[in-house]
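Accompanying notes for the structure given below.
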Amino acid sequence: MKKTVKRLGFLLLALALATECIGCGGSSDSSDTLGSSKGSSVSASNTEEDTTWDPKEPIHIVGQSEAGSGPDLFVRALQPYLQEELDTAIVVENAAGSGGKIACTQVWKAEPDGYTLLAHSSPLTTVTQISKDGEYNIPDFEHIISFDITPYVLAVKKGSPIDSVEKLVEAAKTEKLSNSNSGIGGAMHLQSMIMKDALGIEYDEVPYNGSNPCVLAVMNGDVTMSVVAYDAVINNQEEVEILAVLADERLELLPDVPCMKELGYEFPFLSMRRGVVAPPETPKAVVDRLIEAFAVAVEEPGFQKYAEESGVSMDVKLGEEYKMIDEAYYDTVMQYVDYLG
């Protein structure tokens, strides 16, 4: 009975979101910018679909990154609850590489039947799409759920004489500084370049293969700092000091660390979001059922406990609300596209 009430509540929420979206008049024109038309007829083609969907086959969730990464672990933590809710097997796969391009392309080309989904992190995949000429368009996927919001932070080696943003700005006037990123043309690189402009300083960008090596480079003293997602440093705070959170407000998990806005710096903050999307033109009944199932799964106590222990800030967004966030990421990245060359 409890599950039935829960399911009804989330279905009503999904329907309310869909109704609200129809009333607001349509989405961003980002797909026109790319010349992509794959998702243009989704609304019209789905209006005649049945209103219910029950999967009869295993559902494959394809991850953009390697096993053990943040997005991968989140989906695997949800796996048992999704299986119970949808009454079918959930198969988690990894198609890591090329900044998410491999997984995004695979799911973009998949049959839009609800049996192949993409687990990815925004804005990483949006940046990759633009910098590597992806044939897909992230805003055109059918958006199901975004789990969390994880801001980037500015981290230095513990004990560094640069122990504040103010001292970083001063040091840049006389010293050669460096920042580790997860690859030139990636989301970490872009966020660093945007911050650099806002602070009015110069430093070298040093690429590494992933966030963890970036943090290790800071710990070893190989670079001055790293602009990196918070969850990449959460377990290394005895050796890494966080100078600021790149956000409009302080992070609840770091109450004593200032945010950039309160320090007087306002610029686009590309906070990372993990989420799940489906191929364009997936029928509305399928998308609605998936939204309902994921919304139920994230409320399960077992998953809530995992999320709390992982150190991320849960911020669930469903359907069109999630899609609007990815559209905003696309617009922001396009403003700074020159940094990705």
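Here are some notes:
- Residue within the stretch 109-123 that is over 22 Å from residue 291 (Cβ atoms) and either at pLDDT below 95 or of a type in the set (S, T, N, Q) (or both) present: no
- Count of the stretch 82-101 residues, restricted to those that are assigned to a helix (DSSP H, G or I) and at pLDDT 95 or above, is 5.
- Within the stretch 160-197, being small (Gly, Ala, Ser), more than 21 Å from residue 211 (Cα to Cα) and free of Cβ contacts under 8 Å to residues at least 60 places away in the same chain holds for 171, 172.
- Residue among 305, 317, 261 that alone is open to solvent by 20 Å² or more (accessible area, probe 1.4 Å) and either touching a Phe, Trp or Tyr at 6+ places or on another chain (Cβ under 6 Å) or under 30 Å from residue 111 (Cβ atoms) (or both): 317
- Residue match in the stretch 12-19 (condition: modelled with pLDDT of 80 or more, touching a helix residue (DSSP H, G or I) at 6+ places or on another chain (Cβ under 6 Å) and either under 30 Å from residue 235 (Cα atoms) or not in a loop (DSSP other than H, G, I, E, B) (or both)): no
- Of the residues making up the stretch 55-81, those that are among the hydrophobic types (A, V, I, L, M, F, W, C) and in a helix (DSSP H, G or I) are 73, 74, 75, 77, 78.
- Residue 50 vs. criteria under 20 Å from residue 328 (Cα atoms), open to solvent by 80 Å² or more (accessible area, probe 1.4 Å), more than 18 Å from the chain's Cα centre (by Cα) and at pLDDT below 85: no
- Some residue of the stretch 115-123 being open to solvent by less than 40 Å² (accessible area, probe 1.4 Å), in contact with a His (Cβ under 6 Å, 6 or more places away or on another chain) and farther than 25 Å from residue 149 by Cβ: yes
- Residues (in contact with a Ser or Thr (Cβ under 8 Å, 6 or more places away or on another chain) and either open to solvent by less than 10 Å² (accessible area, probe 1.4 Å) or modelled with pLDDT under 95 (or both)) located in the stretch 172-186: 177, 179, 180, 181, 182, 185, 186
- In the condition set (1) among the aliphatic types (A, V, I, L, M); (2) open to solvent by 20 Å² or more (accessible area, probe 1.4 Å); (3) assigned to a helix (DSSP H, G or I), residue 295 is compliant with all but (2).
- Residue, nearest to the chain's Cα centre (by Cα), within the stretch 153-195, restricted to residues that are of a type outside the set (A, V, I, L, M, F, W, C) and in a strand (DSSP E or B): 181
- Where a residue in the stretch 232-248 is within 11 Å of residue 153 (Cβ to Cβ) and its partner, wherever it lies, is among the small types (Gly, Ala, Ser) and buried (at least 21 other Cβ atoms within 10 Å of the Cβ), with Cβ under 6 Å and at least six apart: 232/211; 233/155; 240/155; 242/155
- Looking across the stretch 307-341, just one residue is touching a Pro at 6+ places or on another chain (Cβ under 6 Å), charged (D, E, K, R) and either assigned to a strand (DSSP E or B) or under 20 Å from residue 70 (Cβ atoms) (or both), and that is 326.
Condition check ((1) free of Cβ contacts under 8 Å to residues at least 24 places away in the same chain; (2) farther than 27 Å from residue 108 by Cβ) across all residues:
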position	(1), (2)
250	yes, yes
285	no, no
289	no, no
294	no, no
299	no, yes
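Each row is one residue, and each column tells you yes or no for (1) out of contact with any strand residue (DSSP E or B) (no Cβ under 7 Å at 6 or more places or on another chain); (2) over 15 Å from residue 150 (Cβ atoms); (3) open to solvent by 20 Å² or more (accessible area, probe 1.4 Å).
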{"position": "218", "(1), (2), (3)": "no, yes, no"}
{"position": "224", "(1), (2), (3)": "no, yes, yes"}
{"position": "232", "(1), (2), (3)": "yes, no, no"}
{"position": "243", "(1), (2), (3)": "no, yes, no"}
{"position": "247", "(1), (2), (3)": "no, no, no"}
{"position": "254", "(1), (2), (3)": "no, no, no"}
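- Single match in 135, 111 (criterion: in contact with a helix residue (DSSP H, G or I) (Cβ under 7 Å, 6 or more places away or on another chain), open to solvent by 10 Å² or more (accessible area, probe 1.4 Å) and assigned to a loop (DSSP other than H, G, I, E, B)): 135
The values are calculated or read from the model by the stated rules, or taken from the named source; none is laboratory data. Since this is a predicted model, take the numbers as computed values, not measurements. FYI the Cβ positions are ideal-geometry reconstructions off the backbone, even for glycines, and counts take in every protein chain you see. Only protein heavy atoms, including side chains, enter the accessible area calculation; ligands, DNA and RNA are left aside. Shrake-Rupley method; radii C 1.70, N 1.55, O 1.52, S 1.80 Å.
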